[in-house]
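First comes the structure, then the notes that go with it.
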Amino acid sequence: MRRPMPLGPQLLALQALIVLSAVLVAGLAAASIQRAQVRDDYSERMLLVATSASKLPDVLEAYGQPRPSDDLQQLAEVLRQASQVTFVVFLDADGTRLSHPDPSLIGSASSTDSAEVLRGETFVGTQTGTLGESLRAKVPVTDGSGRIIGAVSVGILESQLDRDFGEEVPWLLGWLGGAAVLGSVGSYLVTRLVRRRIMGLEPDEIARLLQAREAMLHGIREGVLAVDEHGRVVLVNDEACRLLDLDRAEGTDDALTGRAAAEVLDPAALDLLDAADDAVDAPLLVGERVLLASRTPALVQGRRVGRVLTVRDRTELSGAVRELDGQRSLTTTLRAQAHEFSNQLHVLRGLLELGRTADAAALIDRLGGGGRLLSGAGLGGVHDASVSALLMAKAALARERGAELVVTPATRVGEGAGDDVITVLGNLVDNALDAAGQGGRVRVDVRGDGRGGWVLAVDDDGPGVPVALREEVFRVGVTTKDGGDGRHGQGIGLALVARVAARRGGSAVATTSELGGARFEVVLGPGGPAPSSSSAQLAGAGA
């Protein structure tokens, strides 16, 4: 295949063609206007000469002589030379020449029609006479009483007009040539500017780069959204639409491009995008999906042109890590209990071998509740495997921290409690254990409301939640933990709990507990399973 002409020569050739075409058209128009102007100037001059000659006293006096041609011929020559015209011809009332540049034609009839002029009209136009084609003006000559006694004709040959116009052509061509040169130089400069702006790339290279960028942008598994310095969305890929819930709100990424970020983004994402720091890494809660977001400036040749927000879904990863931590904690606790139980069995066997049955019975009574992970009624009322495993893991975590986790006797959880119950319960218990600290106590109460909903309450004996923060604590980034700044995962759990409750048509409130600390009570209305975007695996997300 023949290689296409490079973009630079194409642009230069096209612009040069446009400039030359414009100059040619402008030159033809200017030449036509200039030629018409020359004819108009001569027409006015000849009409002025003819009018002036028809009113000269010497001319009127000569018409009264017996031989008017003697004086009129001399006057005609003087006027012709003074006005630089080709001829000045006087006619009598019958159209007979009384003067002429060729004296031999004096006394003969005019070669052109002068009847209208002899009737009192004025004529300006082109006619062909004995001297050739000429532009002429004819004016009637009247005596003192207004009677027409003749006519005067003043003209210049068309060949003379052409010569006069030809004298103007070099100047016109000079101006047009200068315009063509300036246009060509401008075309060359524009071509260089365009090439520099597109970094010397050819159109097919630009098309390939655009196709490759679109393929990579929409193929990566991280969400990417970019805004310019005016806060308008300039780039967004499919994953960003999905993670930021823009696909359901706006339809396609094409519908988002060019729109203000404030119109399409979640407030939390917008706050992160508008952060004062150049580079920001922070967790982001969008709907019920927990994301890891990174905000970096977009630079072109060292100049800041916008901001780029990169988001990754950490819901499944965080859930898996926390579930693994819970399993490790539970395994460690069970291993410790197994070792302790083995020691107790050795003691019991020794007492029996010594025949001290009374001491063995006392030891059994003393150790009756020591093997349970949970205090209180245990897990007797919890029949859902997921909830039971969650409480077992949290109880192991509590024992490691030197705290006590109590499940109330009234707790009743049947099969199929659902991910929402796990999400809410896990976050509330984690917060309570953090608040209670070493030697603290946490109480859990879960029950159905009889209509397919749930009521979950978690109490602790920690410092509690100040009254002024009992509503704010459910907002993203708000935390009561020491040193908490809303980053690094803090300020997410309770916000997630509140959003789950709102989706289920319920509520989440913080009050004072009977244990002296905080009490969080969450009501979940009847509803189906949590959507795919929910953080059901984040049962341990800290608030």
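The values are calculated or read from the model by the stated rules, or taken from the named source; none is laboratory data. Bear in mind that the values here come from a model prediction, so they are computed numbers and not experimental data. Cβ placement follows ideal geometry from the backbone for every residue including glycine, while neighbour counts extend to all protein chains displayed. Remember, those area values only see protein heavy atoms, side chains included, never the ligands or the DNA or RNA. Shrake-Rupley method; radii C 1.70, N 1.55, O 1.52, S 1.80 Å.
Contact map, segment 515-527: residues that are in contact (Cβ under 8 Å) with a residue 60 or more places away in the chain and within 16 Å of residue 408 (Cα to Cα) paired with residues that are open to solvent by less than 10 Å² (accessible area, probe 1.4 Å) and acidic (Asp, Glu), Cβ distance under 7 Å, separation 6+ or inter-chain. Pairs shown: 515/459; 515/460; 519/459. Kindly provide the set of residues from segment 27-64 that are out of contact with any Gly (no Cβ under 8 Å at 6 or more places or on another chain), of a type in the set (A, V, I, L, M, F, W, C) and surrounded by fewer than 18 Cβ atoms within 10 Å (Cβ to Cβ), ordered by number. 28, 29, 30, 31, 33, 36, 38, 48, 56, listed by residue number. With respect to residue 111, is the statement that it is closer than 27 Å to residue 40 by Cβ and either modelled with pLDDT under 85 or among the hydroxyl-bearing types (Ser, Thr, Tyr) (or both) true? Answer is yes for this residue.
Out of segment 94-110, which residues are open to solvent by less than 50 Å² (accessible area, probe 1.4 Å) and either aromatic (Phe, Trp, Tyr) or more than 18 Å from residue 75 (Cα to Cα) (or both)? Correct list: 95, 108, 110. Picking from residues in segment 112-141 that are small (Gly, Ala, Ser) and in contact with a strand residue (DSSP E or B) (Cβ under 6 Å, 6 or more places away or on another chain), the one that is most open to solvent (accessible area, probe 1.4 Å) is 120. Residues being surrounded by 13 or more Cβ atoms within 10 Å (Cβ to Cβ) and either assigned to a strand (DSSP E or B) or in contact with a strand residue (DSSP E or B) (Cβ under 6 Å, 6 or more places away or on another chain) (or both) are entirely absent from segment 160-175. Report whether or not residue 145 is part of a loop (DSSP other than H, G, I, E, B), open to solvent by 50 Å² or more (accessible area, probe 1.4 Å) and not basic (Lys, Arg). For residue 145, the condition - part of a loop (DSSP other than H, G, I, E, B), open to solvent by 50 Å² or more (accessible area, probe 1.4 Å) and not basic (Lys, Arg) - is met.
Being among the aliphatic types (A, V, I, L, M) and modelled with pLDDT under 85 is the filter here; which residues of segment 30-58 pass it? So that I can check it myself, show each step before the final result.
Step one: of segment 30-58, the residues among the aliphatic types (A, V, I, L, M) are 30-31, 33, 36, 38, 46-50, 53, 56.
Of everything in segment 30-58, those that are among the aliphatic types (A, V, I, L, M) and modelled with pLDDT under 85 turn out to be 30, 31, 33, 36, 38.
Hey, which of the helices (runs of 4 or more DSSP H) in segment 1-116, taking only ones fully inside, have at least 3 residues that are more than 23 Å from residue 137 (Cα to Cα), in contact with a helix residue (DSSP H, G or I) (Cβ under 6 Å, 6 or more places away or on another chain) and touching a residue at least 40 places away in the same chain (Cβ under 8 Å)? The helices (runs of 4 or more DSSP H) meeting that bar are 7-54. Under the condition of being touching a Leu at 6+ places or on another chain (Cβ under 8 Å) and charged (D, E, K, R), which residue from segment 479-531 is modelled with the highest pLDDT? Per the criteria, the residue is 521.
Inspect all residues belonging to segment 313-325 and state whether any of them is among the charged types (D, E, K, R) and either modelled with pLDDT of 75 or more or assigned to a strand (DSSP E or B) (or both). Explain how you work it out, then say what you get.
In the first step, residues of segment 313-325 are kept if they are among the charged types (D, E, K, R); the result is 313-314, 316, 322-323, 325.
Next cut, either modelled with pLDDT of 75 or more or assigned to a strand (DSSP E or B) (or both) only: 313.
Yes.
The set of residues in segment 399-431 that are under 46 Å from the mean Cα position of the chain (by Cα), farther than 11 Å from residue 447 by Cα and open to solvent by less than 10 Å² (accessible area, probe 1.4 Å) comprises 420, 423, 424, 425, 426, 427, 428, 429. The single residue among 416, 464 that is in contact (Cβ under 8 Å) with a residue 40 or more places away in the chain, in a loop (DSSP other than H, G, I, E, B) and within 24 Å of residue 499 (Cα to Cα) turns out to be 464.
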